[in-house]
Each structure stands twice: as C-alpha cells, then as structure tokens.
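Student: If you scroll down you'll find the structure; I have some questions about it.
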Amino acid sequence: MTDTLTLVNAGDCAFGVVFGETITPAVNARVQALHRLLCAKAVEFPGLIESVPGFTTLLIHYDPLLTGRAELEPRLRALLAEASAEPAQGRAWRLPVCYQGSPDLDAVARATGLSAAEVSARHEQGRYVVYMLGFLPGFAYLGDLDPALALPRRAEPRLTVPAGSLAITERLTAVYPWESPGGWHLIGHCPVPLFNASRASPALLAPGDQLRFFAVSRAEHEAWVRRVAEPGFDPGDLIDGAP
C-alpha cells in the first residue's frame, strides 16, 4: 500500500488518517485494510483505544497519558506497508424489500423523470457495498446507488422515520434499523431487523459486506414480518442466495 495519506487532529486524544477526498471502493478498501491490521495488532500499540473506519478516513482514539500522535504517526506509516488494499471478502446478503406504498416513491419518480416502477426496478438491480456503519447502531451506508436515482436530501427532514424504512440520498442507500428522525427519501421497507442486541454480533451488516435487495409484494412483506419474529429465525439464511 502506497504511503500517501494525510493526518488531521481531532481534539487532544484523537486524529484522523485521511486516505482521500472522494468516496470510492478503492479508497474505502484502504481505510478498512489499515483498520483490520490495527485491530489484529492492537496489543503492540499501548495507549491505542480504538480505530473507527469511515468512508475515506480512519479515526484513531488514544489515551494521551500513554501515547500521542507523535509516537503513533511513524508507526502507522510503517504499518501501511503491511496493509493489503484488497477489499475484504465480506458476506453477500440478499434482503427482501417492499416498494409498494412507500411515502416518497412517487415524489422520487417525479424528481428523476422515471416512473415509480422504474425507480424500484433500478434500485432492486443495484449491487451495493457496505462502506461504513454510523448515525445509528446497525445503520449501514450502502453504495453506489444508480446515478439516475441520485437526489439531495429532503428539504424538510422527517421527525420520525419508521424502523426498516429503505431510503436513498445522493449516491447512497440505507435501511433505518431504528425509528428516528431522517432526511433521506423513503422508497421501500425491509422487514429484516438490521440490529439485534441479543445476537453475538448485534449489527447484521459489516463494512465490506455486499448487498442486494429483492422486491416482495405487500402480502409477502407481511409474511416476512411474521417469519423474522419467530424465535428460530436465523438471518444467516439470507447470506449467499435467495431464501
């Protein structure tokens, strides 16, 4: 991995390792590569609290009583030579989504010059990568959305977005794992919970995972709601192919 990074301070006990200004799979792969290597070698970095991967930046938190940027920076640059920039082999997910009756589907169609059916079809045909988790526990930022569907955020954010809402903005799409405020355009609903505190890994998706959606009818959506509520439901059934 080429050492072409920039470091920026983030307070008195953190700094960011910036790999680029544009969100691309290649830049994000470098972020994830250094993050994985730091996690594997954490014991070799006394005072390192955690590294938090973003779209293009890895945020380094440290204990200022034990270490600092001056000590960590040269070691991080040396570590880059060991970090592979090849994307991690994440899991491949296929999740159901009901586009019918979505709050913003018709508005998105008008704004993009497409029909509602074309909007849902283009979204369903996408193959998305999990760039990062943030905003809410289990909230996965998925890219890259079809350019024909790229819209800025809503002029007026909603105070309440239902959990499971499938949303788009710019070149990103996501499923809200919790009820929360939100300013993205709602074009569908996914009945599969993306966060469950009782699981060993509460967040269903992880950076580097791949994801595609498949459309279901309202009746099928209700069947999925019942299915995922059953005690024996295993979300792993949605990995690598249709259920």
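The values are calculated or read from the model by the stated rules, or taken from the named source; none is laboratory data. Computed from a predicted model, the values in this text were never measured in an experiment. All Cβ positions, even for glycine, are placed from backbone atoms using ideal geometry, and neighbour counts span all protein chains on display. Calculation scope for accessible area: heavy atoms of the full protein, side chains included, ligands and nucleic acids excluded. Shrake-Rupley method; radii C 1.70, N 1.55, O 1.52, S 1.80 Å.
Student: Taking segment 191-220, which residues are open to solvent by less than 20 Å² (accessible area, probe 1.4 Å) and either farther than 20 Å from GLY126 by Cβ or in contact with a strand residue (DSSP E or B) (Cβ under 6 Å, 6 or more places away or on another chain) (or both)?
Tutor: Residues of segment 191-220 open to solvent by less than 20 Å² (accessible area, probe 1.4 Å): 191-192, 194, 204-205, 208-209, 211, 213, 216.
Hits for segment 191-220 are VAL192, LEU194, LEU205, ASP209, LEU211, PHE213, VAL216.
Student: For residues in segment 98-144 being hydrophobic (A, V, I, L, M, F, W, C) and part of a loop (DSSP other than H, G, I, E, B), which is farthest from the chain's Cα centre (by Cα)?
Tutor: Taking segment 98-144 and keeping what is hydrophobic (A, V, I, L, M, F, W, C), we get 98, 105, 107-109, 111, 114, 116-117, 119, 121, 129-130, 132-133, 135-136, 139-140, 142.
Now narrow it down to the ones that are part of a loop (DSSP other than H, G, I, E, B): 114, 135-136, 139.
Values: LEU114: 26, PHE135: 10, LEU136: 11, PHE139: 6 Å.
Among those residues, the one meeting the criterion is LEU114.
Student: For PHE233, only one of the following conditions fails: (1) farther than 20 Å from SER120 by Cα; (2) in contact with a helix residue (DSSP H, G or I) (Cβ under 7 Å, 6 or more places away or on another chain); (3) not in a loop (DSSP other than H, G, I, E, B). What is its number?
Tutor: Against the list (1) farther than 20 Å from SER120 by Cα; (2) in contact with a helix residue (DSSP H, G or I) (Cβ under 7 Å, 6 or more places away or on another chain); (3) not in a loop (DSSP other than H, G, I, E, B), PHE233 comes up short only on (3).
Student: Next up: So which residues in segment 100-120 are touching a residue at least 60 places away in the same chain (Cβ under 8 Å) and either closer than 16 Å to ARG218 by Cα or open to solvent by less than 30 Å² (accessible area, probe 1.4 Å) (or both)? Let's see the steps before the verdict.
Tutor: Looking only at segment 100-120, we keep the residues that are touching a residue at least 60 places away in the same chain (Cβ under 8 Å), and these are 100-105, 107-108, 119-120.
Within segment 100-120, GLN100, GLY101, SER102, PRO103, ASP104, LEU105, VAL108, VAL119, SER120 qualify.
Student: Another question, then. From ARG77, ARG94, which residue is of a type in the set (D, E, K, R) and either open to solvent by less than 40 Å² (accessible area, probe 1.4 Å) or closer than 24 Å to GLU220 by Cα (or both)? It would help to see each step written out before you state the result.
Tutor: Details: ARG77 fails: either open to solvent by less than 40 Å² (accessible area, probe 1.4 Å) or closer than 24 Å to GLU220 by Cα (or both).
Step by step, each of ARG77, ARG94 is checked, and only ARG94 is of a type in the set (D, E, K, R) and either open to solvent by less than 40 Å² (accessible area, probe 1.4 Å) or closer than 24 Å to GLU220 by Cα (or both).
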